[in-house]
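Colleague: Below you will find the structure I want to go over with you.
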Amino acid sequence: MGVQNPSGRIGLFLVLTALFSSIFYGFIALTGHVGGGNGAYELGLMWSPALAAVVTCRLTGLSLTTLGWGWGAWRWQALALALPLGYAAVAYGGVWLAGLGGFPDPKFVVATRESLGWRGAPDWLVLAGYLLLTGTAGMVMSLAFALGEEIGWRGFLAPHLTETFGFRIGALLTGAIWAAWHLPLVFLADYHAGTPWWFGVGCFTVLMLGMSVVMAWLRLTSGSLWTAALLHASHNQFIQLFFTPATAAKGAITPYAVDEFGFALPLVVLALAAVVWRRGVPTKGLP
């Protein structure tokens, strides 16, 4: 096609993403579980944006190198890995200190000790060991999932929307599209936290918008999509596999405070996004 218009490329990418994703939405809806098909449906869904980005590049004559494959400076990759652990610790620490949830959940400790095979190990060692494994070996598998999304969202879409609308509007539009892409999982499967849908979706959307600003800034400042992929993988690992399950419920309020559908994480990530928002407009990663 040789399409040179960024708007045309964006439109084609979104159509292809919807088309490829719909296949896996259907399979996930059949099972009612995001992890249906032993995780194969989720993996296919998360790689749909990547496939859409690659096909769009090929059809429009855009080089695949514009997706940001270069590793870039190590400091950006280290920052991307560390940020989710930092903002999760602040958000969940606030929840625990305010009595909106407890730490650690005794059932989580027992199940983790059994899973690790560390019978007789003290609670602190079980938690520390599991956190270390989550942030190292577990990160490899998480990255295999997250990379598929980020080739599409931050490798292709964020730079094109930034080129068209500027950094701030581009980052917010990317976040809005990213959040909307998750909604079928909320309404057709079990990707939610048990709160009313309007509350959960509202908190989740704010979180996605805040994360999108941070991730777009890292991607465009470093010139590398790996920053976004590593931050995404780190977020999923620490939030979904450690901080949320390790938090004990303290009444009906806890689901409203924790996880991606509670209010604590969005508030902390919004503060981080506000810092990034004021740092200037990066342009290194534009196509």
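The values are calculated or read from the model by the stated rules, or taken from the named source; none is laboratory data. These numbers come from a predicted model, not from an experiment. FYI the Cβ positions are ideal-geometry reconstructions off the backbone, even for glycines, and counts take in every protein chain you see.
Colleague: State all residues of segment 26-53 that are surrounded by fewer than 20 Cβ atoms within 10 Å (Cβ to Cβ) and either touching a strand residue (DSSP E or B) at 6+ places or on another chain (Cβ under 6 Å) or in contact (Cβ under 8 Å) with a residue 24 or more places away in the chain (or both); if no residue qualifies, say none.
Modeller: Correct list: 29, 31, 32, 33, 34, 36, 43, 51.
Colleague: Which of the following residues is modelled with pLDDT of 95 or more, surrounded by 17 or more Cβ atoms within 10 Å (Cβ to Cβ) and touching a strand residue (DSSP E or B) at 6+ places or on another chain (Cβ under 6 Å): 244, 254?
Modeller: 254
Colleague: Is it the case that some residue within segment 98-108 is farther than 16 Å from residue 149 by Cα, of a type outside the set (Phe, Trp, Tyr), at pLDDT 95 or above and assigned to a helix (DSSP H, G or I)? Full working, then the answer.
Modeller: Applying the first criterion (farther than 16 Å from residue 149 by Cα) to segment 98-108 yields 98-108.
Adding the requirement that they be of a type outside the set (Phe, Trp, Tyr) leaves 98-102, 104-107.
Going one step further and asking which of them are at pLDDT 95 or above, we end up with 98-102, 104-107.
Narrowing further to those that are assigned to a helix (DSSP H, G or I): 106-107.
Yes, some residue in segment 98-108 is farther than 16 Å from residue 149 by Cα, of a type outside the set (Phe, Trp, Tyr), at pLDDT 95 or above and assigned to a helix (DSSP H, G or I).
Colleague: Mind counting the residues in segment 152-190 that are closer than 22 Å to residue 44 by Cβ, of a type outside the set (Lys, Arg) and in contact (Cβ under 8 Å) with a residue 12 or more places away in the chain? Quick ask: steps written out before the conclusion?
Modeller: Filtering segment 152-190 down to residues closer than 22 Å to residue 44 by Cβ leaves 152-157, 174, 177-190.
In the following step, the residues that additionally are of a type outside the set (Lys, Arg) were identified as 152-153, 155-157, 174, 177-190.
Within this subset, residues satisfying the condition of being in contact (Cβ under 8 Å) with a residue 12 or more places away in the chain are 152-153, 155-157, 174, 177-179, 181-186, 188-190.
Final tally of qualifying residues: 18.
Colleague: Mind checking whether some residue in segment 88-95 is crowded, with 20+ Cβ neighbours inside 10 Å, within 18 Å of the chain's Cα centre (by Cα), in a helix (DSSP H, G or I) and not hydroxyl-bearing (Ser, Thr, Tyr)?
Modeller: Yes, segment 88-95 contains a residue that is crowded, with 20+ Cβ neighbours inside 10 Å, within 18 Å of the chain's Cα centre (by Cα), in a helix (DSSP H, G or I) and not hydroxyl-bearing (Ser, Thr, Tyr).
Colleague: Among the numbered conditions (1) modelled with pLDDT of 95 or more; (2) not in a helix (DSSP H, G or I), tell me where residue 71 comes up short.
Modeller: With respect to (1) modelled with pLDDT of 95 or more; (2) not in a helix (DSSP H, G or I), residue 71 is out only on (1).
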